[in-house]
Amino acid sequence: MNIIPKIHRMVFVLLISAATACSGGASPTAQHDASIQPAGAGASGSTTNSAGTTSAAGQTTAGGNTAGSPAGAAGGGSMNGGGVSTGGAGTTAAGGTTKTGGTTDAGGTTRTGGTTAAGGSALVGGSAATGGTTVEGGTTATGGATVLGGTTVEGGTTVTGGTTKTGGTAVLGGTTPTGGTGATGGTTVAGGTTKTGGTTVTGGTTIAGGTTVTGGTTSTGGTATTGWATIHNDFFWYDLDGNLINVRSGALRKFGDLYYWYGGAPNDHNQTCYSSPDLVHWTYKGIVLTTTGDANRMDILYNATTQQYVIFLKYIGNGAYFGIATGSTPDGQFTFKSQTLVDGFVIGDMSMYQDDDGTAYLAYVWWGTGTNKAHGIYRLSADYLTLDKQMYLWNQGSREAPHMFKRNGVYYYGVSETNGIQPSATRYYTATNLTGPWTAEAMVTTPGSTTTYETQCDFVFPFTGPQGTVYMLDADRWIPTAGFQGDYLWLPFEFGTGLIPEMDYYQDWDLNAAAGTWRAFDRTTRDLALGKTATASSESGANVAAGVTKATTYQTYTATRWESSSSDPQWIMVDLGSAMEIDRAILKWYTDYGKSFKIQVSTDSTTWTDVYSTTKGASYSVTDVTFAKTNARYVRMNGTQRGNANGYSLFAFMVLNDP
């Protein structure tokens, strides 16, 4: 984004930043509360009319008209393959032993049979697959497909044995050198031998997060035992400490076993970093770079040759230098190295792309012939520290937010309109060679919207697995309006029979990053509470309890909600009609939210068992919590502390029994 100022809002702590460009310390990793799921808070920049009041997360309550928007952050486009590094978290040390049912992170122990106890969070790949697949460590399953431990780890170097010949798939762009062998039925890499046909029996599955006891630690909400994670749009994203995630115009990368999300407030001097094992639970890693001048549009790549992580920036101003910083770890401190003009002139928005052979390219808006009058692609030197050669330049004005990705050998170069902080359509050019010829600009099909569902495009991230690749668009929502809330939009592209992507809107959808596939979240078949009776301790006007179990769409979800009286405590309960097995609950909060509350289950509505507890609720957030399977007829939210002076208020209360 260029030209128009953006104003960042205040959430929980004083996070106030003023900005003029489109485009942020550290919190220790301990046991966190995961009541807040993707869909973090747009607690920035909302204003109200004289009759309105603004809640803690920056949303306007009764009488107020939201007008304002959070400001943008650094970053840029994600690319095929992501950056990787030699060594790192993805490497399995010799002698590692794969235990029955997998291994869990701190907080839970996997017993024989594979069920994680309360609070435990299962590591990715903690279940052995039928046919002799072993977890984490480069195991080869029958047929030679590399499982998440056999993925090429940071730097494109495959751990000994982790490579697969015929049929082997390197996840997310790692380069697999010739020589790795995967025998049928496979020999495990550093961690024992899998016999041909070895099968993990039912019970070897680790339940995501386990059961959270009263006042307890985090449960892995939104992550199903089968590897699915639910993305919730139209709500705000918070980290595990309950603070608003701030990565405007940022970058998403995968280094080793973790995803890293970078960015910051526009026109800020600080670039922030968050990490996640599952794209749902984000840990704040702190400020990784502080610059003398303001910076935004941050992107990052790993250079396998120099073994350095390199940050790229739109540095100082709207018309800016191309800034570069380096570091030895993805979440450590970076050192600013240089600022340069591109062919003698300043640039506008920018992002980075790393090709299959490791070559890095800059996608940029160039001001050489006037403000935002051209945009193009520039190749970087082998060490990523200097510009090498211009590959292509479009003499097309009024474009920004450039980004690149590649699919089936075809390069995609995407842009938005130069439209201030207003949302805009997303367009793509395609080519089989970066020097062209490129096709004419074509607009992404977005049914029901001409403005990419009220956003500006940022980057496309490919999730590659044995079942395919999901190309996910990340877009910034600078101006939350009506039902379109949330600072960020994540949606999967579909390609149909043509090259130009299509994109339908999903408020909720499921991503299996390891498999490389996605699915729509079908509430009609999965929500056991849909259409069921809901009662509450109190109701406010037309905002009755029954509103939380009604069928709604992303266009109509704000029309019905429950709101309690303005006092503590309060509760709302769903009657499923009969006792049944359940393991998950999803609560979608209005700006009037519960700061401290429990989710409880019962067979008789008299004796209650806590399955989740938090003190970190937030405005316009989603509580998505998975717990150990249990039989219950009644499920309730029992609130003990409101987030503001109003009552508790929910748009939806879902109950599920996921496989």
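The values are calculated or read from the model by the stated rules, or taken from the named source; none is laboratory data. Fair warning: this is a prediction, and the values are worked out from it, not measured in the lab. When we count neighbours, we look across all protein chains shown, and the Cβ atoms used for this are built from the backbone with ideal geometry, even at glycine.
Table for the structure above
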{"item": "Subset of region 472-513 (residues that are surrounded by fewer than 23 Cβ atoms within 10 Å (Cβ to Cβ), under 18 Å from L279 (Cα atoms) and of a type in the set (S, T, Y))", "result": "Y506"}
{"item": "Condition met for I586 (under 28 Å from the mean Cα position of the chain (by Cα) and either basic (K, R) or outside the structural domain of W438 (by TED's automatic domain parsing) (or both))", "result": "yes"}
{"item": "Selection within region 557-599 - part of a helix (DSSP H, G or I) and either crowded, with 24+ Cβ neighbours inside 10 Å or not aromatic (F, W, Y) (or both)", "result": "T558, A559"}
{"item": "Checklist (1) part of a strand (DSSP E or B); (2) over 25 Å from the mean Cα position of the chain (by Cα) applied to G647, failing item", "result": "(1)"}
{"item": "Scope region 278-336; condition of a type in the set (F, W, Y) and modelled with pLDDT under 95; matching residues", "result": "none"}
{"item": "Check on N638, surrounded by fewer than 23 Cβ atoms within 10 Å (Cβ to Cβ), outside the structural domain of T481 (by TED's automatic domain parsing) and not in a strand (DSSP E or B)", "result": "no"}
{"item": "Residue within region 420-440 that is among the charged types (D, E, K, R) and in contact with a Pro (Cβ under 8 Å, 6 or more places away or on another chain) present", "result": "no"}
{"item": "Hits in region 415-447 - residues which are at positive phi and at pLDDT 95 or above", "result": "G436"}
{"item": "Every residue from region 570-625 that is of a type outside the set (S, T, Y) and on the phi > 0 side of the Ramachandran plot", "result": "G577"}
{"item": "Only listed residue being under 27 Å from the mean Cα position of the chain (by Cα) and acidic (D, E), chosen from D575, D610, D592, D568", "result": "D592"}
{"item": "Scope region 314-351; condition acidic (D, E) and surrounded by fewer than 17 Cβ atoms within 10 Å (Cβ to Cβ); matching residues", "result": "D343"}
{"item": "Filtered residue count, region 506-553, keeping only those that are among the acidic types (D, E) and not in a loop (DSSP other than H, G, I, E, B)", "result": "2"}
